[in-house]
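The values are calculated or read from the model by the stated rules, or taken from the named source; none is laboratory data. Bear in mind that the values here come from a model prediction, so they are computed numbers and not experimental data. Cβ placement follows ideal geometry from the backbone for every residue including glycine, while neighbour counts extend to all protein chains displayed.
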Amino acid sequence: MSKLSQKHLLGIKDITREDIELIFETADNFKEVINRPIKKVPSLRDVTIANVFFENSTRTRLSFELAEKRLSADVVNFSASTSSVKKGETLLDTVNNILAMKVDMVVMRHASPGAPHYLSRHIKANIINAGDGTHEHPTQALLDAFSIREKLGSVAGKKIAIIGDILHSRVALSNIFALQKLGAKIMVCGPPTLLPKFIGQLGVQVELDVNKALQWCDVANVLRIQLERQQIKYFPSLREYSLYYGITKKMLDNLKKEIVVMHPGPINRGVELSSDAADSSHSIILDQVENGVAVRMAVLYLLASATA
Amino acid sequence: MQKKLILDSDLLDITVSRLCQELIENHTDFKETVLIGMQPRGIYLAEHIHRNLTKILKRDIPLGYLDTTFHRDDFRRREIPAKASENRIPFIIEEKKVVLVDDVLFTGRTIRAAMEAMIAFGRPAKVELLVLIDRKYNRELPIAPDYVGKAVNTMSTQKVLVELQAQGHKHNKIWLINKD
């Protein structure tokens, strides 16, 4: 079967291992396309896509927009800060107004968990979740898993440590779902205040010591401290966080093995990851960004064909 | 389901040899010519022709594979999306004579997509089309082959089935099938 089981991409939780593998196989082809002198294919030339961003984003929005343009789709961008949302329009009204202009797909980022799921029950267009609050960020998890597969040959059986602010991270949750579906072992590591209380029930190991986590893993996926989502203090100071949980080149060099360092961006250099670690040979952070375009092209392509 | 044999193993070998001779007639030493097989099924014929030509000319001719999936015009009109295959064109096609190779020519839409896909790799000096089976009177676009293995009169309700040993079949056989 070369068809996704879902009409929308709301979260990794809803899709199957076969779906993920189909997306990866398709992304392999698109990766070849975007490395050609002419990086464009006409597949989505009769499709219009709206990028609706209620929250700030650089990488994800640019990556989606490039992916859409490389597939020859027509693209409209919308960001909440410059729109009528400020005047009190509801989410459903805003999106219905956009769809009234004949848009086929919606890529949405929203601060409220479940916003794309709510929308998917009320509108006909395909929806791709580009991050909903602290819930899921499916395309990031797909590109992370795709990058691991590219670097290490496969994801199955690999040990992956997710380190940092797990509590506020949609990337962490989507990563756990995606990597577990592909057969990896997962460990989460961070200060106790930034680990969800029942995270162990997802079948992941919990570790408080970052050095032990690095010792255990093949891949360290380092997450950003999301200060914008923290209304109370979860740790005394950034400096203290960095002292206990920040990863430096020295720590990586002291391990008696090669591990891969990933980060979904944006990096707070010197907080969760020191500059020399982020720029070291361990890091595949920029490969992740490149793969992001290919993976998003694959998702758009496969979802668009499902509307036929 | 009725099946009629169009080509068997022996006849296929004769046909491929003849196609090779025709190619040599037009391209002599193949200095400026490259072969491109079309994914997914045209590549077997392209490999067959490539093997024969290498033997006759005693020199290697560039052989590539081209996938047309992302350039098709029936995207979103199909029930199940076509699955993409690998593009492998490890040479420059700029200013070269390209021979596109496919097994069956039917509506011509795949060839149209192939020409568009090929342009992404450069501007060839000339493009020719070689097909094993030409299904006459079924064209939906003004496209004609330059080299034809066998021309067959078919109805659009019929189907041409190509079974090659290279694809894992027991014998080389090409069938015309009536779909009921």
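Might you let me know whether segment B:67-90 holds any residue that is of a type in the set (Phe, Trp, Tyr), within 22 Å of B:LEU19 (Cα to Cα) and either buried (at least 16 other Cβ atoms within 10 Å of the Cβ) or within 14 Å of chain A (Cβ to nearest Cβ) (or both)?
If we filter segment B:67-90 for residues that are of a type in the set (Phe, Trp, Tyr), which is where we start, we get B:70, B:75.
Narrowing the set further to residues that are within 22 Å of B:LEU19 (Cα to Cα) leaves none.
No, the conditions are met nowhere in segment B:67-90.
Do we find a residue being farther than 24 Å from B:ASP73 by Cβ and among the hydroxyl-bearing types (Ser, Thr, Tyr) anywhere in segment B:137-160? Yes, some residue in segment B:137-160 is farther than 24 Å from B:ASP73 by Cβ and among the hydroxyl-bearing types (Ser, Thr, Tyr).
Would you mind stating whether B:LEU5 is farther than 22 Å from A:PRO42 by Cβ, of a type outside the set (Gly, Ala, Ser) and in a helix (DSSP H, G or I)? Steps first, please.
Working: farther than 22 Å from A:PRO42 by Cβ: yes; of a type outside the set (Gly, Ala, Ser): yes; in a helix (DSSP H, G or I): no.
Against the criterion (farther than 22 Å from A:PRO42 by Cβ, of a type outside the set (Gly, Ala, Ser) and in a helix (DSSP H, G or I)), B:LEU5 does not qualify.
Among the residues of segment A:7-23, those that are within 14 Å of chain B (Cβ to nearest Cβ) and of a type outside the set (A, V, I, L, M, F, W, C) comprise A:LYS7, A:GLU18, A:ASP19, A:GLU21. Of the residues making up segment B:98-117, none is over 22 Å from B:ASP13 (Cα atoms), polar (S, T, N, Q) and without any contact (Cβ under 8 Å) to a residue 24 or more places away in the chain.
Taking segment A:219-248, which residues are among the charged types (D, E, K, R) and surrounded by 19 or more Cβ atoms within 10 Å (Cβ to Cβ)?
To start, the set of residues in segment A:219-248 that are among the charged types (D, E, K, R) comprises A:224, A:228-229, A:233, A:239-240.
Correct list: A:ARG224 only.
Filtering B:ILE61, B:ILE36 for residues that are assigned to a loop (DSSP other than H, G, I, E, B), at pLDDT 90 or above and away from chain A (no Cβ under 14 Å) leaves a single hit, B:ILE61.
Condition test on A:ALA111, is it touching a Gly at 6+ places or on another chain (Cβ under 6 Å) and closer than 25 Å to A:LEU173 by Cβ? It would help to see each step written out before you state the result.
On the way: touching a Gly at 6+ places or on another chain (Cβ under 6 Å): yes; closer than 25 Å to A:LEU173 by Cβ: yes.
For A:ALA111, the condition - touching a Gly at 6+ places or on another chain (Cβ under 6 Å) and closer than 25 Å to A:LEU173 by Cβ - is met.
Annotation: of all residues in segment A:68-90 being at pLDDT below 85, assigned to a helix (DSSP H, G or I) and out of contact with any helix residue (DSSP H, G or I) (no Cβ under 8 Å at 6 or more places or on another chain), the one that is farthest from A:PHE53 (Cα to Cα) is A:LYS87. Scanning segment A:104-119 for residues that are surrounded by fewer than 20 Cβ atoms within 10 Å (Cβ to Cβ) and out of contact with any Asp or Glu (no Cβ under 9 Å at 6 or more places or on another chain) returns a single hit, A:TYR118.
Table: residues versus (1) more than 14 Å from chain B (Cβ to nearest Cβ); (2) within 30 Å of A:LEU22 (Cβ to Cβ).
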{"site": "A:LEU194", "(1), (2)": "yes, no"}
{"site": "A:PHE198", "(1), (2)": "yes, no"}
{"site": "A:CYS217", "(1), (2)": "yes, yes"}
{"site": "A:GLN226", "(1), (2)": "yes, no"}
{"site": "A:THR248", "(1), (2)": "yes, no"}
{"site": "A:ASP253", "(1), (2)": "yes, no"}
{"site": "A:VAL260", "(1), (2)": "yes, yes"}
{"site": "A:SER275", "(1), (2)": "yes, no"}
{"site": "A:LEU303", "(1), (2)": "no, yes"}
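The single condition from (1) out of contact with any Lys or Arg (no Cβ under 8 Å at 6 or more places or on another chain); (2) of a type outside the set (Ser, Thr, Tyr); (3) buried (at least 17 other Cβ atoms within 10 Å of the Cβ) that B:LEU7 fails is (1). Checked against the criteria, A:ILE186 counts as within 21 Å of A:GLY11 (Cβ to Cβ) and modelled with pLDDT of 95 or more.
Every residue, every condition in (1) assigned by TED's automatic domain parsing to the domain that holds A:GLU65; (2) over 30 Å from A:CYS217 (Cα atoms); (3) modelled with pLDDT under 90, yes or no:
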| site | (1), (2), (3) |
| --- | --- |
| A:LEU92 | yes, yes, yes |
| A:VAL103 | yes, yes, no |
| A:MET108 | yes, yes, no |
| A:LEU119 | yes, yes, no |
| A:ASN129 | yes, no, no |
| A:SER154 | no, no, no |
| A:ALA161 | no, no, no |
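Here segment A:32-50 is the region considered, the condition is being touching a residue at least 12 places away in the same chain (Cβ under 8 Å) and outside any loop (DSSP other than H, G, I, E, B), and the residue that is nearest to the other protein chains (Cβ to nearest Cβ) is A:VAL33. Name every residue in segment B:91-116 that is within 14 Å of chain A (Cβ to nearest Cβ), of a type outside the set (A, V, I, L, M) and not in a loop (DSSP other than H, G, I, E, B), in order of residue number. Selection gives B:ARG109, B:ARG112, B:GLU116.
Among the candidates A:ASP144, A:ASP93, the residue that is part of a helix (DSSP H, G or I) and surrounded by fewer than 22 Cβ atoms within 10 Å (Cβ to Cβ) is uniquely A:ASP93.
Hey, does segment A:279-295 have a residue that's within 14 Å of another protein chain (Cβ to nearest Cβ) and either assigned to a loop (DSSP other than H, G, I, E, B) or surrounded by 14 or more Cβ atoms within 10 Å (Cβ to Cβ) (or both)?
To start, the set of residues in segment A:279-295 that are within 14 Å of another protein chain (Cβ to nearest Cβ) comprises A:294.
Now narrow it down to the ones that are either assigned to a loop (DSSP other than H, G, I, E, B) or surrounded by 14 or more Cβ atoms within 10 Å (Cβ to Cβ) (or both): A:294.
Within segment A:279-295, one or more residues are within 14 Å of another protein chain (Cβ to nearest Cβ) and either assigned to a loop (DSSP other than H, G, I, E, B) or surrounded by 14 or more Cβ atoms within 10 Å (Cβ to Cβ) (or both).
Checking A:PHE53 against (1) surrounded by 17 or more Cβ atoms within 10 Å (Cβ to Cβ); (2) within 14 Å of chain B (Cβ to nearest Cβ); (3) of a type outside the set (Val, Ile, Thr): exactly one of these is not met. Which one? With respect to (1) surrounded by 17 or more Cβ atoms within 10 Å (Cβ to Cβ); (2) within 14 Å of chain B (Cβ to nearest Cβ); (3) of a type outside the set (Val, Ile, Thr), A:PHE53 is out only on (2). Is segment B:124-132 home to any residue that is assigned to a loop (DSSP other than H, G, I, E, B), within 13 Å of chain A (Cβ to nearest Cβ) and over 18 Å from the mean Cα position of the chain (by Cα)? No, because not a single residue in segment B:124-132 is assigned to a loop (DSSP other than H, G, I, E, B), within 13 Å of chain A (Cβ to nearest Cβ) and over 18 Å from the mean Cα position of the chain (by Cα). Candidates A:ASP209, A:ASP144, A:ASP218: the one that is under 20 Å from A:ALA27 (Cα atoms) and charged (D, E, K, R) is A:ASP144. Any idea which residue in segment B:133-180 is modelled with the highest pLDDT, counting only those that are small (Gly, Ala, Ser) and assigned to a loop (DSSP other than H, G, I, E, B)? Filtering segment B:133-180 for residues that are small (Gly, Ala, Ser) and assigned to a loop (DSSP other than H, G, I, E, B), the one modelled with the highest pLDDT comes out as B:ALA144.
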